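Please read the structure below before turning to the comments.
Read-outs throughout are calculated quantities, based only on the coordinates presented, and are distinct from any laboratory measurement. Note that the structure is a prediction, hence the values are computed from the model and not measured. Cβ: placed from backbone, ideal geometry, glycine included. Neighbour counts: every protein chain shown.
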Protein chains: 4
Amino acid sequence: MIRIGVIGYGYWGPNLVRNFAELASARVTVVCDRRPERLALAARRYPGVRTTKDPVELIKDPSVDAVVIATPVFHHFELAMLAIHEGKHVLVEKPIASSSEQASQMIEEAARRRVVLMVDHTFVYTSAVRAMRDLVTKGDLGDIYYYDSVRINLGLFQHDVNVLWDLAVHDLSIMDYVLQKQPAAVSATGLAHVPGEPENIAYMTMFFDSPLIGHIHVNWLAPVKVRRTLLGGSRRMVVFDDLEASEKLRVYDKGISVNPSPENVYQLLVGYRTGDMWAPQIDLTEALSVEAAHFAECVARGGTPITDGESGLRVVRLLEAATESMVERGRLVSLNRAVVT
Amino acid sequence: MIRIGVIGYGYWGPNLVRNFAELASARVTVVCDRRPERLALAARRYPGVRTTKDPVELIKDPSVDAVVIATPVFHHFELAMLAIHEGKHVLVEKPIASSSEQASQMIEEAARRRVVLMVDHTFVYTSAVRAMRDLVTKGDLGDIYYYDSVRINLGLFQHDVNVLWDLAVHDLSIMDYVLQKQPAAVSATGLAHVPGEPENIAYMTMFFDSPLIGHIHVNWLAPVKVRRTLLGGSRRMVVFDDLEASEKLRVYDKGISVNPSPENVYQLLVGYRTGDMWAPQIDLTEALSVEAAHFAECVARGGTPITDGESGLRVVRLLEAATESMVERGRLVSLNRAVVT
Amino acid sequence: MIRIGVIGYGYWGPNLVRNFAELASARVTVVCDRRPERLALAARRYPGVRTTKDPVELIKDPSVDAVVIATPVFHHFELAMLAIHEGKHVLVEKPIASSSEQASQMIEEAARRRVVLMVDHTFVYTSAVRAMRDLVTKGDLGDIYYYDSVRINLGLFQHDVNVLWDLAVHDLSIMDYVLQKQPAAVSATGLAHVPGEPENIAYMTMFFDSPLIGHIHVNWLAPVKVRRTLLGGSRRMVVFDDLEASEKLRVYDKGISVNPSPENVYQLLVGYRTGDMWAPQIDLTEALSVEAAHFAECVARGGTPITDGESGLRVVRLLEAATESMVERGRLVSLNRAVVT
Amino acid sequence: MIRIGVIGYGYWGPNLVRNFAELASARVTVVCDRRPERLALAARRYPGVRTTKDPVELIKDPSVDAVVIATPVFHHFELAMLAIHEGKHVLVEKPIASSSEQASQMIEEAARRRVVLMVDHTFVYTSAVRAMRDLVTKGDLGDIYYYDSVRINLGLFQHDVNVLWDLAVHDLSIMDYVLQKQPAAVSATGLAHVPGEPENIAYMTMFFDSPLIGHIHVNWLAPVKVRRTLLGGSRRMVVFDDLEASEKLRVYDKGISVNPSPENVYQLLVGYRTGDMWAPQIDLTEALSVEAAHFAECVARGGTPITDGESGLRVVRLLEAATESMVERGRLVSLNRAVVT
């Protein structure tokens, strides 16, 4: 029975508490938040759970085996490092840290203290994303040509991070898991419409060492909600629409066939294949319950999480590079940088 | 009664012939195509129309007052210049020419010969696009924040032009007409998946002199067809979905309100307004019939077309800049907007 | 502070408990279910709540002011009558009872004991349904021509009631509230595909004393989920799609205009008006929380609920008539029957 | 080369003329309409075609081998009988005639004169409908449980026929072809909202000799256009949405499994299977071109059309029965299926 302390009971914290509370292999023992009204709410819902305003108290509490950090991103590093120093296992809300430097230190420290460090890349634990990865791994899609994702809505403006760190982080974590390849360079553009605030609309292109291109469009100021990813391959193509109630994933047996001998300029080099569409049945289990169970199991058995510190680091590196590029209006930023060791 | 000669009876030419044929103020007298089977088809459908394989013959034909050019883009300049020299009015398929240099010469020559030069930016003649322009002009949307367009499908690969010249040209012509502002700089990315062929997927960001950003995503290799434009303003936001049968335009009374005094880091600077959605009734008259009538009227009365040579030139400048940027993976390309004189 | 006892902690009971638990004006004191595992679940979630397997114990418990009945329908009458006899206020899951005879007795008895009797017609407490009623009441739709509803999905087959009693009950309660008129006669058809089981697909037409027609299609065996109501009026028409995330209600400024003097058989008598579409913003507050607060207030202040026993009776009368008609393959069943007194 | 005369150049006639004109095996020689402006339009589009206001002249014209009748339904019988008497092959717009008596006489007479009699049940010639029939024929859907169709929009009010004869005729012809079974009895309801005019909204249930139910909802006064058919089987279920651009047909691997031994009242008798969805590629060839070619081939080779007079008669019988039932508010009308001989 893993005893969990959760820091942060704002927007996402309650979901984490609820899912760990329903787990047979774990128990939430302490919840921490700076706001008394949030603690009161937690206490009302979970009468057996202790509450505290002091995260250090929670971290040092001997009844806590593992610390779940669901605070704004700029507290992640400090709280996670403290917890790791105390020998506690750590699950950190996405993105794992404010910089790749911080993420690298967290990884090192967790390795040294032999504790589990996991990042809450929730989508990786959905059946739809796992099915996409399977399609790629088995070669059903052929060579992967592009990964294109749109994640827009009328959303809460953050003022400590730009929209990439808030929304694109989801797409980057999915892309990292599905493609199993890392981009070599990034070009990003974006704009802040509120003076003094971070960018609220952004576009990010990723280049790879193969003929593969990635693109992410995120926007806090869209009139409609869109959550759609296109994954194009040489053999098949996938549309993942997370707002679809049942058919979230559609696999299209469509593509091109290269015709090597065109006779003249009016003829086309490329032929088309269009075939059936197929929507595999997707298990609709809440991703966070799968993820909570996975964390508890890694802690209990000492395993490496699917979304370990390294995956958190890879995503943060992309966010850093994209932010750097965005400031310079699309300047190409290379990712061929040595990992901090 | 304007007498029309149409060069090119391939994909788009038949639509032009049909719309001019149904016009009371015009008559199609000659159709030209290099392919006998296309001419046979035209002859079967329009028994009274002469056909020829020779575009020069058509251009010089005294029974032709105006020449409509619906050939691949690399013939536009040569054919249009010849027609203008002969004193013929000209309607050119989009994009107007293969380069801004060519477009500038066409504009100059048409001015010198006092003939009408019009480019077939078809979407400008749709009710939906005109309604969007009205919303902008009247200030109903407030300050314009972004213009975001997606135009993707499993489409014919061109091998003489990249996907921007084939598809983004539509979005650029719409944006030019709706925003009535020109971008100051462009950053574009893209990829060719067939070796030796032009880019089949592309992303293009446009920066303006105001806090406005434009973005276009075009793709010949998408499993689904999307034709959707988001137009975000400080007061209202618009979704233009050209695949909707009836409600192509939706106006959302949504936006943000800046809240100047946040107390602490957990509070948000920006508030939200969400209100009703409204879909104005859109006239579904075929755009090409409106456009054909407009061309005939400009010819008859000597007016300047809405989509004149200058609008064609502005679009081509953006396509050139984007292609230049795309080759260098997003390098910012400034738009030197001095017209060649 | 109203003290609530909830009988039945199966599918719907947990929602009732949760919403009463979050109410400031009420407190859930006892939960009853026959299944120990359901009681264990309730106890785990609400440590302060007593649990019992005996509904009579709950009803007689002096710490219970009001009884909420969320059992299968054939227990409603017995439990409600017992509670009313004990002077307890009662909220009954829909449909209010298994027969109009039972519903009438419940209404009488509640009046005699001066307790509140309310039926859980949940949809009546949604903003979308209330907005529809407002449109009707204000005359914005003109004369109401038809009410057409489809409620289908791959759903749980009940074996104690047919699909009308399970699904059409929602539509009938909405229709009753929105139209504020009762049908004069019913014709229904349907079929049972599992031998010995009740009808799993049904169609029900309602005739009124005015030129208004109602129709409901319900189906437990549909491959897709549909929740859509069309409300046609002489001035405007409404589409209520409960599966839409944000724009649940769309008001179309469309209709017909009668043209009294057609000249010949080829001319049409009826003209069309098509105008804008408008989607009013709908508050997305959970209906059950509004309903729970309304029940608590009726109990506290002695008011008559919007969904009182009479509305429950009217709906049950329609279900009885439709079931009777369905057995005889659409035979018209009149509703001009004296209320049991 | 079959020479075709077309009577009626209003709404549907031009489509028939166009499709026969593009056929290699046929030629349109004469077009007839009472309205000079319609004939002028036909003459402008097809300079080689003769025009006449007199249908008898067209029918007797020796340059006409086959007569296509696209007039209002009350002229079908008279014109078709005249053409058959003259030994001309006949293709009649749907419905084949105003009564089953007329249809029977047409069938008899065509048999006697050995000419082809075909009814224009256009949907039967679409790939989607043919694919549905194949699924039924091959047993892929298992036992067929229900056929449910909705065909509504803001449509032209007819004043010579009710909405069933105008719209349900499509669904009945599709159902006849797909199910290959005829209903045993009909119950229909409906209403006319314009005094003195025929019913503009109607619902029609069909009972079969097996546990199969059919239902059709048609409406001329709906704010939205819907063209959707559900076909439920014991093994799989199909949704045919004719407004979908590409995936018109979706096959759901969903259904029920009967569980014979429920222990108590809370347990369910019926289990569920939910699996993948599959959208077979549908050829989008215009149905009318397939149909025109089929008619020409039947004429040339003396074959029996897929949509022969008998299929027209079966559909008219259902329309008659439904209209009879509708007048009496759902009274069950049995179908006496002995063919008039």
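Normalised by 2.2 N^0.38 Å, where N is the number of residues, the alpha-carbon radius of gyration of the range C:54-108 equals 1.03. The mean number of partner chain beta-carbon atoms within 10 angstrom of a residue's beta-carbon across peptide C:276-284 is 5. Grab the beta carbon distance between A:L335 and B:D143, set R0 = 30 Å, and tell me the FRET efficiency rounded to 0.05. Here the calculated transfer efficiency is 0.25. Direction-averaged projected area, Cα convex hull, the range D:34-78: 3.6 nm², rounded to one decimal. If R0 is 51 Å, the Cβ-Cβ spacing of C:M1 and D:S210 corresponds to a FRET efficiency of close to 0.30. Hey, in the GNM for chain C with a 10 angstrom Cα cutoff, which one of C:S127, C:S98, C:S210 fluctuates hardest? In this elastic network of chain C, the residue with the biggest mean-square fluctuation among C:S127, C:S98, C:S210 is C:S210. For the range C:37-189, the Kirkwood estimate of hydrodynamic radius, built from reciprocal distances between every pair of different alpha carbons, is 17.9 Å. Taking 12 Å as the straight-line reach from the Cα of D:K94, the aspartates and glutamates in range (excluding those fewer than 8 positions away in the same chain) are D:D120, D:D166, D:D171, D:D308. Here the residues B:S149, B:S99, ranked from fewest to most Cβ neighbours within 10 Å of their Cβ, fall in the order B:S99, B:S149. What ratio of Cα Rg to 2.2 N^0.38 Å holds for the range C:64-143? Relative to the rule-of-thumb radius for its length, the range C:64-143 sits at 1.33.
Here the sum of -39500 (n - 2.57) over DSSP H runs of 4 or more residues, divided by the residues of the protein assembly as shown, equals -9500 deg cm²/dmol at 222 nm, to the nearest 500.
Stretch B:E108-B:E244 to full length: gain in nm at 0.36 nm per residue minus the Cα-Cα span?
Gain on extension, B:E108 to B:E244, equals 44.9 nm.
A P(r) calculated from all alpha carbon pairs of chain A, with 10 Å bins opening at zero, reads 6, 23, 31, 25, 10, 3, 1, 0 percent. Taking A:L284, A:L91, A:L231 as the candidate residues, the one with maximal mean-square fluctuation in a Gaussian network model of chain A, Cα springs under 10 Å, is A:L284. Each DSSP beta bridge with both residues in chain C is either parallel or antiparallel, and the antiparallel ones are about 60%. Listed here are the pairs A:K225/C:K248; A:K138/A:K181; C:K181/C:K225; which of them are more than 22 Å apart at the Cα? Beyond 22 Å between Cα atoms: C:K181/C:K225. Working note: Cα gyration tensor of the range D:102-193, eigenvalues times five, square-rooted, sorted largest first, giving semi-axes of 24, 23, 14 Å. Calculated over the range D:153-302, the projected area of the Cα convex hull averaged across directions stands at 14.1 nm². Based on every Cα atom in the protein assembly as shown, Rg and the maximum pairwise Cα distance Dmax equal 34.7, 104 Å. Straight Cα distances below 29 angstrom link B:K88 to the lysines B:K53, B:K60, with same-chain residues fewer than 8 positions distant left out.
Farthest toward the positive end of the dipole of chain B, out of B:I213, B:I7, B:Q182, is the Cα of B:I7, where the dipole comes from beta carbon charges about the Cα centre.
Looking down the axis that turns chain D into chain B, the chain D residue with its beta carbon nearest that axis, and the gap rounded to whole angstrom, comes out as D:P47, 2. Sorted from shortest to longest, the distances between the A:A40 label points of this copy and the other copies are 3.5, 8.1, 8.6 nm, with each point 7 Å from Cα along the line through the beta carbon.
Assuming charge only on the beta carbon of Lys and Arg (+1) and of Asp and Glu (-1), the dipole of the range C:2-115 about its Cα centre is about 380 debye to the nearest 20. Extending 7 Å from Cα along the Cβ direction at B:K53 and again at A:H85 yields two label points whose distance is 8.6 nm. Name the helices (complete DSSP H segments) of chain C with a Cα length along the long axis of 18 Å or more and a Kyte-Doolittle mean of at least -0.5, or state none. For chain C, where a helix must reach 18 Å along its axis and average at least -0.5, the hits are C:287-301, C:309-327. Over chain C, what is the mean sequence separation of C-alpha contacts under 8 Å (at least six apart), divided by residue count, expressed as relative contact order in percent? RCO, chain C: 19 percent. Placing a label point 7 Å from the Cα of D:E57 along the Cα-to-Cβ direction, the distances to the matching points in the other copies come to 3.9, 9.6, 10.3 nm, shortest first. Out of all DSSP beta bridges with both ends in the protein assembly as shown, state the antiparallel percent to the nearest 5. Approximately 60 percent, going by the DSSP bridge assignments. Pairs of alpha carbons in the range A:2-115 separated by more than 20 Å make up 35% of all such pairs.
Ranking D:L179, D:L82, D:L230 by Cβ neighbours within 10 Å, fewest first, what do you get?
D:L82, D:L179, D:L230
Each peptide in D:106-116, B:181-191 was scored by the mean count of other Cβ atoms within 10 Å over its residues; highest first, the order is B:181-191, D:106-116. Only Cα pairs under 8 Å and 6+ residues apart enter the sum, and on that basis the relative contact order of the range B:2-115 stands at 24 percent.
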